[in-house]
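Since the structure comes first, as structure tokens, the remarks are kept for the end.
The values are calculated or read from the model by the stated rules, or taken from the named source; none is laboratory data. The shown structure was predicted, so the numbers you read here are calculated from the model rather than taken from an experiment. Methodologically, a virtual Cβ is constructed for each residue, glycine included, from the backbone with ideal geometry; neighbour enumeration extends over all protein chains shown.
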């Protein structure tokens with residue numbers, strides 16, 4: 001595995017760290033299994049690419065607009081749930097389906113290339129430090145900033161109300177928290193993070209594509225679970241850190257799978273090897289399982 | 001808990017260590033060509049095999065002086081991006097990306113390593129190249145745009161009264177959108193009006209096709225993975241309502257469509273393989289003209305299905321039968 005590939009893996013892992021933070025907010029904090037993500041990730045990509053290519057927007061403004069579009073998508077999902085009592089999973093599925101068509105409308109087609117267009121990484125052109133080193137650093141700064149902003153938000157009055165609304169809705173409501181409003185805001189923010197990730201990913205990938213969202217929810221969830229399995233997650237700060245690390249670990253599992261040909265794996269086995277690695281990580285953590293004890297015993301020797 | 005955290009850190013660093021030491025050892029005269037695609041489907045695999053065959057024709061033989069590094073993304077775009085980075089990091093001699101998003105990911109990952117794309121329907125719209133002649137930069141390749149004109153002419157030979165042609169497609173696929181544009185453009189010249197219906201998922205193919213029945217003289221199923229997956233149902237509707245069904249891809253004829261003119265994807269790959277060989281021999285990709293496959297492959301493949309034609313109420317003229325590459329009884 002070359003340095004270039006490692007940095008590329010870190011870059012994509014960090015981008016998915018944002019998806020992972022979003023999944024943490026919806027699944028863990030609000031206890032709201034939100035599937036909108038599958039649509040809001042490509043939505044972010046579509047909005048960003050269209051604004052940059054079609055409207056000559058500044059890439060930073062376009063990235064912010066992508067996040068704003070994601071917020072709207074998440075808000076709508078929560079609204080369907082809160083206002084009309086549509087089951088949360090179904091509300092998310094509805095939005096994800098609808099967003100597929102919306103994305104095609106936004107882009108005027110299924111694929112919007114960004115090759116040769118300005119991106120937030122364009123500013124590194126001509127630097128002595130190559131772009132493949134600077135890009136992951138820039139994304140790292142962004143993701144760390146988002147992580148701390150989220151930590152800070154969750155410790156404010158509204159943030160605490162949101163955590164209460166997810167942990168025990170009845171109790172929270174009895175204490176004067178508007179649980180519905182918390183869902184609207186929280187799911188909105190979660191999808192803003194996802195759409196921002198989509199926008200960043202499109203800039204790394206060189207195009208926005210209607211099929212970019214496939215599997216994003218699975219990657220996001222797996223990242224949260226893996227991260228929390230390997231790292232302590234008692235406080236919010238620890239948990240958000242674990243989410244980002246989980247996303248990185250997931251990408252490294254994929255990278256490992258891509259480089260596993262020497263073990264006799266074929267190109268089409270990537271998904272299987274990735275799944276096996278993630279499963280092994282989880283098994284290694286579960287103290288009740290015999291496999292976990294076995295692994296630990298090997299580790300002690 | 002603490003102990004297991006340490007263990008995990010050890011396991012992780014151990015596996016990273018293994019990965020770092022795994023960089024390939026390449027002899028000086030050994031060339032490495034990396035091939036990647038988003039997902040394995042027959043045409044793309046044929047393209048890949050064609051590339052290797054084309055390279056062999058020009059003297060680059062796997063195992064002798066050529067190493068093929070092949071990866072597919074299992075349908076996952078972030079994985080595709082990682083594959084692109086992996087190839088660039090390994091510093092392979094040429095990268096051959098197959099399909100549009102795959103080519104974009106690779107083109108975004110490197111401005112220096114030569115790229116020869118294959119099976120990209122519209123490389124200019126995908127911003128891979130600015131123009132076909134001497135595209136410049138590090139990218140060239142082969143477009144697999146369908147031989148639409150030849151197809152429409154064939155359909156008209158079989159259904160002389162063809163005025164309205166139904167077009168079932170998934171608007172989410174770039175290649176299908178491009179094909180629709182070309183069918184409309186070529187159709188205009190031949191006096192054929194295109195009636196489009198969208199089927200975003202395979203489940204929606206039946207209602208979409210039913211909408212066309214009675215309104216069109218024939219139905220065209222483009223080379224669209226979503227619709228092709230449900231081709232048998234389209235054929236069934238065609239037989240029940242005596243509406244001729246044609247496909248944009250010859251394989252569909254074996255599955256019950258009446259006829260098609262198609263590309264031989266092995267040959268598409270071979271064209272790309274020849275271009276890769278030129279690059280390996282020292283030519284810059286930007287100096288090699290990008291090509292549209294059907295313009296370079298002399299004889300398109302014509303396949304007809306006599307049984308389906310009869311069931312859909314048309315007969316195939318002898319002239320067509322005579323020049324057909326393959327006749328399905």
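Numbers below:
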quantity	calculated
One residue from A:44, A:17 being modelled with pLDDT of 95 or more, assigned to a helix (DSSP H, G or I) and within 13 Å of another protein chain (Cβ to nearest Cβ)	A:17
Elements of type helices (runs of 4 or more DSSP H) contained in the stretch A:163-233, each with 2 or more residues being touching a helix residue (DSSP H, G or I) at 6+ places or on another chain (Cβ under 7 Å), buried (at least 22 other Cβ atoms within 10 Å of the Cβ) and more than 12 Å from chain B (Cβ to nearest Cβ)	A:179-205, A:216-230
Selected residue (only one of B:152, B:180 is at pLDDT below 95, under 22 Å from residue B:253 (Cβ atoms), within 14 Å of another protein chain (Cβ to nearest Cβ) and part of a helix (DSSP H, G or I))	B:180
Filter result (free of Cβ contacts under 8 Å to residues at least 24 places away in the same chain and crowded, with 16+ Cβ neighbours inside 10 Å) within the stretch B:169-187	B:177, B:184
Residue ID - farthest from residue A:132 (Cα to Cα), chosen from residues in the stretch B:89-107 that are at the interface with chain A (Cβ under 7 Å from one of its Cβ atoms) and surrounded by 24 or more Cβ atoms within 10 Å (Cβ to Cβ)	B:100
Qualifying residue in the stretch B:260-272 (condition: touching a helix residue (DSSP H, G or I) at 6+ places or on another chain (Cβ under 6 Å) and part of a strand (DSSP E or B))	yes
Leading residue by the ranking (nearest to the other protein chains (Cβ to nearest Cβ)) among those in the stretch A:235-264 that are modelled with pLDDT under 90 and in a loop (DSSP other than H, G, I, E, B)	A:259
Residue list for the stretch B:288-298, filter: surrounded by fewer than 17 Cβ atoms within 10 Å (Cβ to Cβ) and at pLDDT below 95	B:295, B:296, B:298
Residue list for the stretch A:33-45, restricted to those being under 23 Å from residue A:210 (Cβ atoms) and surrounded by fewer than 22 Cβ atoms within 10 Å (Cβ to Cβ)	A:35
Evaluation of residue A:283 against (1) assigned to a helix (DSSP H, G or I); (2) modelled with pLDDT under 75; (3) more than 10 Å from chain B (Cβ to nearest Cβ) (one fails), failing number	(2)
The listed residue being in the same structural domain as residue B:159 (by TED's automatic domain parsing), touching a residue at least 12 places away in the same chain (Cβ under 8 Å), assigned to a loop (DSSP other than H, G, I, E, B) and buried (at least 21 other Cβ atoms within 10 Å of the Cβ), out of B:238, B:256, B:252, B:214	B:256
Residue B:47 vs. criteria in contact with a helix residue (DSSP H, G or I) (Cβ under 8 Å, 6 or more places away or on another chain) and within 7 Å of chain A (Cβ to nearest Cβ)	no
Among the candidates A:25, A:48, A:30, A:18, residue that is under 22 Å from residue A:113 (Cβ atoms) and crowded, with 24+ Cβ neighbours inside 10 Å	A:48
Every residue from the stretch B:64-88 that is more than 7 Å from chain A (Cβ to nearest Cβ), buried (at least 24 other Cβ atoms within 10 Å of the Cβ) and farther than 24 Å from residue B:177 by Cα	B:84, B:87
Selection count where residues are touching a residue at least 24 places away in the same chain (Cβ under 8 Å) and either assigned to a loop (DSSP other than H, G, I, E, B) or touching a helix residue (DSSP H, G or I) at 6+ places or on another chain (Cβ under 7 Å) (or both), scope the stretch A:123-144	7
Among (1) touching a strand residue (DSSP E or B) at 6+ places or on another chain (Cβ under 9 Å); (2) more than 21 Å from residue B:311 (Cα to Cα); (3) surrounded by fewer than 24 Cβ atoms within 10 Å (Cβ to Cβ) - the single one residue B:190 does not satisfy	(1)
Test for residue B:54: is it more than 8 Å from chain A (Cβ to nearest Cβ), at pLDDT below 95 and not in a loop (DSSP other than H, G, I, E, B)	no
Number of positions in the stretch B:31-61 that are more than 10 Å from residue B:269 (Cβ to Cβ) and touching a strand residue (DSSP E or B) at 6+ places or on another chain (Cβ under 6 Å)	8
Positions within the stretch A:47-90 being outside any helix (DSSP H, G or I) and either closer than 20 Å to residue B:77 by Cβ or in contact with a helix residue (DSSP H, G or I) (Cβ under 7 Å, 6 or more places away or on another chain) (or both), in sequence order	A:57, A:86
Matching option when the condition is farther than 18 Å from residue B:275 by Cβ, modelled with pLDDT under 95, assigned to a loop (DSSP other than H, G, I, E, B) and facing chain A (nearest Cβ under 9 Å), among B:127, B:111	B:127
Of residues in the stretch A:1-14 being in contact (Cβ under 8 Å) with a residue 12 or more places away in the chain and within 7 Å of chain B (Cβ to nearest Cβ), the one nearest to the chain's Cα centre (by Cα)	A:12
Top-ranked residue in the stretch A:104-119 [being closer than 26 Å to residue B:136 by Cβ and part of a loop (DSSP other than H, G, I, E, B); ranked as farthest from the other protein chains (Cβ to nearest Cβ)]	A:118
